[in-house]
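A short worksheet on the structure shown next.
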């Protein structure tokens with residue numbers, strides 16, 4: 001099939017998170033979906049944040065941030081955190097905020113799963129900074145665990161797609177990873 | 001609700017991609033889900049790849065790579081590309097490989113959407129390298145476009161979750177982004 005050339009496109013399914021940090025001594029949260037794990041051990045994760053963002057100021061000031069995963073019930077509050085700046089509005093007032101081991105990583109009790117992160121490196125890019133940090137601990141509701149591990153069918157993470165700008169929940173489980181591909185190993189010497 | 005402390009966890013919904021690069025003059029592909037956009041303009045994207053990966057060798061050698069998004073039909077081939085090394089197996093033989101503007105970014109015709117990327121920066125981390133590059137062009141099947149833009153309901157990207165290690169398709173559209181949160185703006189001075 002012939003391919004059609006497109007300008008650079010944003011078409012990736014992306015994890016919806018709320019990034020938390022203390023800014024000028026107060027908790028603040030922003031919505032972010034440019035998030036990925038970047039290293040296995042230590043467990044490093046990165047998030048891209050526009051230079052102007054108030055939350056980014058807090059990450060740089062304190063060297064500490066959080067990543068919380070909202071479920072479908074929190075989609076409107078999450079979206080709101082991407083619409084307004086903490087310079088103008090106290091977004092933390094929307095949530096029941098709690099703290100964990102790092103003491104200054106504000107997290108959201110309504111989110112079924114939160115991560116505390118210690119900044120290890122900032123990659124400066126033209127418009128965004130990519131903040132890389134080590135995940136120090138996770139905090140989860142008992143209700144989302146199966147055998148002690150977060151169960152995706154219970155915590156129901158949201159996914160963002162652009163440029164259509166929609167939040168999605170996960171649908172069907174298509175296949176098992178590191179497994180379904182074994183069918184192509186037939187006939188190979190292992 | 002009380003939170004339960006977990007060890008650092010991988011629980012994020014992640015985009016499933018195939019990363020392509022020329023290695024020792026031949027096209028090679030690996031499965032990767034530690035991928036995110038990191039800068040708006042220029043359009044930068046990053047992918048974390050273990051130091052040992054053969055594809056990473058090609059990215060460093062050529063400064064060019066691709067990211068292709070497989071649909072559900074290609075899930076087994078995609079998974080296979082995460083199970084075996086290009087040092088031992090010619091994974092490109094599984095696919096109809098094509099090239100675009102950069103000439104040396106191998107892409108997969110069976111994938112409805114592919115991106116060509118020029119490496120701009122390598123962030124060296126303990127186990128992985130995080131390769132950041134500029135998206136130069138996208139290549140899409142006509143069948144996945146609506147009004148000229150990739151339509152997520154047509155190209156049907158896959159999402160990986162860990163540690164349960166499952167591939168998912170997207171389910172219901174939960175809400176519109178940069179929109180549903182406006183409900184909380186009531187009463188604010190704008």
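The table that follows gives values for the structure above.
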item	result
Within 10 Å of each Cβ in B:12-23, the average number of Cβ atoms from other chains	4
Highest-MSF residue in chain A out of A:112, A:72, A:43 [GNM, Cα springs under 10 Å]	A:43
Inter-chain Cβ neighbour average for residues A:54-65, partner chain, 10 Å	0
Over chain A: helical MRE at 222 nm, DSSP H runs n ≥ 4 each giving -39500 (n - 2.57), nearest 500	-3000 deg cm²/dmol
Shortest-first nm distances, residue B:179 label point to equivalent points in other copies (7 Å, Cα→Cβ)	3.6
Cα Rg, Dmax (largest Cα-Cα span) when computed across the protein assembly as shown, Å	20.0, 69
Chain A: most fluctuating residue of A:105, A:142, A:92 per GNM, C-alpha cutoff 10 Å	A:142
Innermost chain A residue relative to the axis carrying A onto B, by Cβ distance in angstrom	A:171, 1
Shielding score for A:79-87, defined as the mean number of other chain Cβ atoms within 10 Å	4
Exposure proxy ranking, count of Cβ atoms within 10 Å, fewest first, for B:168, B:178	B:178, B:168
Ascending list, in nanometres, of distances separating the residue A:109 label from those of the other copies (7 Å, Cα toward Cβ)	5.8
Copy-to-copy label separations for residue B:7, where each label sits 7 Å from Cα toward Cβ, in nm and ascending	4.7
Highest-MSF residue in chain B out of B:58, B:133, B:82 [GNM, Cα springs under 10 Å]	B:82
Pair residue A:185, residue B:61: separation of 7 Å Cα→Cβ label points (nm)	2.6 nm
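Read-outs: derived from the displayed coordinates by stated rules, not from any lab. On a predicted model such as this, the values are computed, not experimentally measured, just so you know. Cβ: placed from backbone, ideal geometry, glycine included. Neighbour counts: every protein chain shown.
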